[in-house]
């Protein structure tokens with residue numbers, strides 16, 4: 001009796017994911033899970049849609065709040081180089097996206113440079129533009145052609161010319177992939193609450209989880225509120241608990257007070 005059943009196969013083409021996962025072991029993260037009340041912000045998003053008929057990117061708003069909090073607490077996206085710590089002025093956000101190339105999905109990275117200097121509308125436009133596969137002017141860190149060339153080389157050569165350089169040189173990491181990773185997983189889990197904890201190699205990783213409704217007492221009245229789950233991963237070798245907490249507090253305040261959204265609803 002055959003207990004295997006029917007199955008199909010396809011070529012394994014995830015060398016990048018395998019090696020990137022192995023590379024992530026070089027970070028020693030402290031992880032924080034936050035549950036933030038974003039009810040007021042969600043009301044403004046709904047208002048904006050009623051008034052304009054268009055959707056404002058939720059990810060762009062989180063990106064604006066994140067870039068601001070990081071720029072005020074630069075230690076959380078700093079990196080070690082030799083015996084020195086490099087404090088970057090620019091907050092370069094690395095956002096995983098999926099582009100369609102030759103009819104097939106291809107994982108890419110959209111790096112938003114100097115996100116701390118851009119308005120919410122500018123971030124919205126840049127992220128929205130990246131969702132169109134025919135927009136060749138939206139750059140990613142490494143093109144499909146470059147990746148194919150890199151992974152055609154033997155593993156030990158890739159380790160020598162790519163992964164070793166990425167590990168030792170924070171300027172190369174910043175140039176290639178930014179200083180902060182923002183992973184908007186929640187956009188794929190609408191209506192589902194909960195946190196996600198991923199691997200990565202940035203000094204700061206922020207994972208946006210789902211949004212769920214929960215009852216809360218507000219001024220003595222029981223109300224349904226909307227809560228956003230956020231995961232923070234901060235390299236503990238670089239950043240101590242106190243500055244990490246100050247950053248988290250500022251980030252949480254901006255999200256819970258609907259920071260930067262005051263001009264998007266006139267009701």
Checklist entry - What's the number of the condition residue 162 fails, among (1) free of Cβ contacts under 8 Å to residues at least 40 places away in the same chain; (2) surrounded by 12 or more Cβ atoms within 10 Å (Cβ to Cβ); (3) at positive phi? => result (3)
Checklist entry - Which of (1) modelled with pLDDT under 75; (2) within 15 Å of the chain's Cα centre (by Cα) is the odd one out, the single condition residue 138 does not satisfy? => result (2)
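Only one of 211, 238 is assigned to a strand (DSSP E or B) and surrounded by 13 or more Cβ atoms within 10 Å (Cβ to Cβ); which? It would help to see each step written out before you state the result.
Values: 238 fails: assigned to a strand (DSSP E or B).
Sole residue among the options that is assigned to a strand (DSSP E or B) and surrounded by 13 or more Cβ atoms within 10 Å (Cβ to Cβ): 211.
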Checklist entry - Among (1) over 17 Å from residue 200 (Cβ atoms); (2) modelled with pLDDT of 90 or more; (3) in contact with a helix residue (DSSP H, G or I) (Cβ under 8 Å, 6 or more places away or on another chain); (4) surrounded by fewer than 17 Cβ atoms within 10 Å (Cβ to Cβ), where does residue 101 come up short? => result (2)
Checklist outcome for this item: Going through region 160-207 in order, the residues found to be at pLDDT below 85, touching a strand residue (DSSP E or B) at 6+ places or on another chain (Cβ under 8 Å) and in a helix (DSSP H, G or I) are 185, 186, 187
Item to check | Qualifying position, being over 30 Å from residue 239 (Cβ atoms), touching a helix residue (DSSP H, G or I) at 6+ places or on another chain (Cβ under 8 Å), exposed (fewer than 13 other Cβ atoms within 10 Å of the Cβ) and modelled with pLDDT of 85 or more, among 6, 55 | outcome: 55
Checklist entry - So is residue 36 out of contact with any strand residue (DSSP E or B) (no Cβ under 9 Å at 6 or more places or on another chain), touching a residue at least 24 places away in the same chain (Cβ under 8 Å) and farther than 18 Å from residue 94 by Cβ or not? => result no
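The values are calculated or read from the model by the stated rules, or taken from the named source; none is laboratory data. A quick note: this is a predicted structure, and the numbers were derived from the prediction, not measured. Quick reminder, even Gly has a Cβ in these numbers, built from the backbone with ideal geometry, and neighbours come from all protein chains shown.
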